[in-house]
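Read the structure below first, then the notes.
Please treat every number below as a calculation from the coordinates, not as lab data. Since the model is a prediction, treat every value here as computed from it, not as a measurement. Cβ atoms come from the backbone with ideal geometry, glycine included; neighbour counts cover every protein chain shown.
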Amino acid sequence: MKILAVNAGSSSLKFQLLVMPEEKEIVSGQVERIGWDDAIITFKLNGEKIKETFQILNHKYAVELVIQGLLKHKAIESLEEIKGVGHRVVQGGEIFKTSVIITDEVVEQIRSLNDLAPLHNPANITGIEAFRKALPNIPQVAVFDTTFHQTMTEDAYLYAAPYEWYEKYHVRKYGFHGTSHQFVSERCAEILGKKEHKIIVAHLGNGASICAVKNGKSVDTSMGLTPLEGIPMGTRSGNIDPAVLMLIAGKEDKTIGEVIDDLNKKSGYLGVSGFSNDSRDIIDGMNRGDYRATLAHKIQVKRILDYIGSYYVYMGGLDAICFTAGIGENAPEIRRDVIKGMEVLGVKLDEVENEKRGERMISTKDSKVKAFIIPTNEEVMLARETVRLSK
Ligand code: AMP
């Protein structure tokens, strides 16, 4: 059975066609610069990368080109072969406790959450609508970044702010990267061979979050109402005293919205180092003795450890820490320094394994708490949920 996994952003659309239940990728790709005269569509299949440039002014046309491309590159013989489309949706609020088959009502419910995710949900809806038009007879499923964290209890998800903000405006922590945290923690539980477990997942990519998973359920996570909360990221600040907003708005004659924009786009690695949001550049900078790159790394490690310590206590122990996403899977220096900082909790780093790539244990055999690299696969989660619900 072939399932298409889709992740639509405001000017991009990523896709992957998988054979299920084998979870094998047939083709993947993306459309970038939607809305421009020189949009780029890329297909990766059979070890080849095919890139073309078109004028693609909207998502509807982007979807048509993706479907035409799947046929042209013989990933499918006919559209009937696609048995379902799984869409990543960033914010499911408190409405969606699981993934769902998309209906008109579901689209309206997702739209009703736009206030909570103004950068993401409208783009996700655009993708959904384009695919529903193009493939009207195929089940389409919405998989939310937030549902995995709906198991958090009030003490973890409520802010200590006026309770009416929650009642009136649904202000609370939702958490994100749920499909990734679920995929990685399920795989980790499988490796540990333990149904009862305490796992921390560090999803460290350009966006980054930490999640505490107890017996298969998310009990706390670092992102909040929006992805801005938590640990610092490529360009996001993570936690910061909200009083900074007023101070900078006054000093730099900016609106609060503009300061928040700075916290989203000019902070994190980029803000501290002053030159890059990419961990590769930060590590290079550190290696040549650049003071601020080193500082960006140190702050990052310290803030990741803050969460790990807190989750260790909150869960009452720890079986394993897992590293995933672009940085978590590829940057041994960051894993090394985080794990070294966790020695007090009973983790011992295997320096040799830590230098390698791909799924593996990177703690020593006698380490009380295990450490793993587990490559994430959000597309597989989308496809799994699509198969489960289309049945
Ligand atoms: P993601 O958002 O998961 O795609 O992660 C993207 C980030 O991963 C990039 O911005 C880099 O900071 C980081 N990254 C990717 N490849 C490497 C690598 N080989 N070494 C270190 N960091 C990497």
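Just to confirm a number: summing +1 for Lys and Arg and -1 for Asp and Glu over residues other than Ala189 whose beta-carbon lies under 12 angstrom from that of Ala189, what do you get? List each step's numbers first, then the result.
Working: positive: Arg187, Lys194, Lys195, Lys198, Lys214, Lys217, Lys370; negative: Glu186, Glu190, Glu196, Asp319.
Counting the neighbours of Ala189, the net charge comes to +3.
Take every Cα pair under 8 Å in region 318-391 that's 6+ residues apart, average their separations, divide by the length, and report that relative contact order as a whole percent. Before the final figure, lay out the partial values.
Values: 108 pairs, mean separation 24.6, N = 74.
Over region 318-391, the number comes to 33 percent.
Which residues among region 218-251 fall inside the zone where the amide N is under 12 Å from a point 7 Å beyond the Cα of Leu295, along Cα→Cβ?
none
Indicate the gyration tensor shape class of region 274-391 (rounded, prolate or oblate), computed on the Cα atoms with a ≥ b ≥ c the square roots of the eigenvalues: a/c under 1.5 is rounded; otherwise a/b larger than b/c is prolate and the rest oblate. Before the final figure, lay out the partial values.
Details: a/c = 1.81, a/b = 1.29, b/c = 1.41.
Oblate, since a/c reaches 1.5 and b/c is not below a/b.
Which net charge results for the neighbourhood of Gly317, defined as the other residues with beta-carbon distances under 15 angstrom from its beta-carbon, given Lys and Arg at +1 and Asp and Glu at -1?
On the way: positive: Lys194, Lys198, Lys214, Lys368, Lys370; negative: Glu196, Asp220, Asp319.
Residues near Gly317 contribute +2 overall.
Which pairs in the list Lys198/Lys365; Lys266/Lys348; Lys266/Lys302; Lys24/Lys49 are over 26 Å apart, alpha-carbon to alpha-carbon?
Details: Lys198/Lys365 18 Å; Lys266/Lys348 35 Å; Lys266/Lys302 20 Å; Lys24/Lys49 18 Å.
In this structure, Lys266/Lys348 lie more than 26 Å apart at Cα.
Running a GNM on the chain with Cα contacts under 10 Å, which residue among Ile283, Ile256, Ile41 ends up with the highest mean-square fluctuation?
Ile256
So, counting K/R as plus one and D/E as minus one, what does the shell of residues with Cβ under 14 Å around Gly268 add up to?
Numbers: positive: Arg236, Lys265, Lys266, Arg292, Lys298, Lys302, Arg303; negative: Glu229, Asp261, Asp262, Asp278, Asp281.
Neighbour charge sum, excluding Gly268 itself: +2.
Enumerate by residue number the trypsin sites (Lys or Arg not before Pro) in region 296-378 meeting two conditions: DSSP loop (anything except H, G, I, E, B), and at most 14 other Cβ atoms within 10 Å of the site's Cβ. Don't skip to the end; give the middle numbers.
On the way: sites: Lys298, Lys302, Arg303, Arg335, Arg336, Lys340, Lys348, Lys356, Arg357, Arg360, Lys365, Lys368, Lys370; in loops: Lys348, Lys356, Arg357, Lys365, Lys368.
Hits after loop and neighbour filter: Lys356, Arg357, Lys365, Lys368.
Assuming R0 = 22 Å, what is the FRET efficiency of Asp115 and Asn58, from their Cβ-Cβ distance, to the nearest 0.05? Kindly include the intermediate steps, with their values, before the conclusion.
On the way: r = 24 Å, r/R0 = 1.07.
After rounding to 0.05, the efficiency reads 0.40.
In nm, give the distance between the simple-model label positions of Lys49 and His170, each being 7 Å from the Cα along the Cα-to-Cβ direction.
Each label point lies 7 Å from its Cα, and together they span 3.8 nm.
Can you give the Kirkwood hydrodynamic radius for the chain, in Å, rounded to one decimal and based on Cα pairs?
On the way: mean 1/r = 0.0455 Å⁻¹.
Evaluated over the chain, this radius sits at 22.0 Å.
What does the extension gain come out to for Val352 and Thr153, with contour length at 0.36 nm per residue minus their alpha carbon separation? Display every interim value, and only then the final one.
Numbers: separation 199, 0.36 × 199 = 71.64 nm, distance 3.92 nm.
That works out to 67.7 nm of additional length.
Can you tell me the 0 to 90 degree angle between the C-alpha axis of helix 243-252 and the longest principal axis of the chain, rounded to 10?
Between helix and principal axis, roughly 80 degrees.
Considering only DSSP beta bridges with both partners in region 267-390, what is the antiparallel share in %, to the nearest 5? Don't skip to the answer; put the middle values down first.
Working: 3 of 8 bridges.
So the antiparallel bridges in region 267-390 amount to around 40 percent.
Label-point separation (nm) for Lys340 and Asp278, each offset 7 Å from Cα along Cα-to-Cβ?
So the label points at Lys340 and Asp278 sit 2.5 nm apart.
Can you give me the angle between helix 59-72 and the longest principal axis of the chain, using Cα atoms only, in degrees from 0 to 90, rounded to the nearest 10?
Between helix and principal axis, roughly 70 degrees.
With both partners inside the chain, how many of the DSSP beta bridges are antiparallel, as a percent to the nearest 5? Spell out each step's value before the answer.
Details: 43 of 63 bridges.
Here the antiparallel bridges make up roughly 70 percent for the chain.
Work out the FRET efficiency for Lys254 and Asp306 from their Cβ-Cβ distance, taking R0 = 35 Å, and round it to the nearest 0.05.
Values: r = 28 Å, r/R0 = 0.81.
Here the calculated transfer efficiency is 0.80.
Determine the relative contact order of the chain: mean sequence separation of Cα pairs under 8 Å and six or more apart, normalised by residue count, in whole percent. It would help to have the intermediate numbers written out before the result.
Numbers: 812 pairs, mean separation 55.8, N = 391.
Worked out over the chain, it gives 14 percent.
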